[in-house]
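Step one of this worksheet: look at the structure below.
The values are calculated or read from the model by the stated rules, or taken from the named source; none is laboratory data. Please read these numbers as outputs of a predicted model, since none were measured by experiment. Using ideal geometry, Cβ is built from the backbone for each residue, glycine included, and neighbour counts are taken over all protein chains shown. To get the accessible areas, we keep the full protein, side chains included, count just its heavy atoms, and leave off ligands, DNA and RNA. Shrake-Rupley method; radii C 1.70, N 1.55, O 1.52, S 1.80 Å.
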Amino acid sequence: MKHRLVTPKRRNPLVLPARQRLAGPHRTGPGALRQQSRRALQREIERLKPSP
């Protein structure tokens, strides 16, 4: 019985470093900022309402 060593398939050497890099967070868009401020305003209004 013969034993054969299986070598892994050759890969493109330029792809590995690109795949290992991680993208950073993007800048928050105007829509997200508007929603965030609206939520903060709603929380503030709820906090200022008199309790029954």
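Tell me the per residue accessible area of the chain using a 1.4 Å probe; a whole number in Å² is fine.
Heavy-atom accessible area per residue stands at 121 Å².
Would you work out which of Q42, H3, Q20 lies farthest towards the positive end of the dipole of the chain? Charges go on Cβ: Lys and Arg +1, Asp and Glu -1.
In the chain, that residue is H3.
Can you show me the helix-derived [θ] at 222 nm for the chain, built from DSSP H runs with n ≥ 4 at -39,500 (n - 2.57) apiece and divided by the number of residues, rounded to the nearest 500.
Result for the chain: -15000 deg cm²/dmol, rounded to the nearest 500.
Got a number for carbon plus sulfur as a percent of the chain's accessible area, 1.4 Å probe?
57
Which one, (i) 17.3; (ii) 11.5; (iii) 12.8, gives Kirkwood radius over Cα pairs in Å as derived from the coordinates shown?
(i)
Counting other C-beta atoms within 10 Å, and keeping those with at most 14, which DSSP coil trypsin sites (Lys or Arg not before Pro) do you find in the chain?
In loop regions of the chain (DSSP not H, G, I, E or B), the sparsely surrounded trypsin sites (Lys or Arg not before Pro) are K2, R4, K9, R10, R11, R21, R27.
Quick one: angle between helix 30-48 and the longest Cα principal axis of the chain, in degrees between 0 and 90, rounded to 10, please.
Around 40 degrees separate the two axes.
If you stretched the chain out fully between T7 and R27, how much longer would it get, using 0.36 nm times the residue separation minus the C-alpha to C-alpha distance?
2.8 nm
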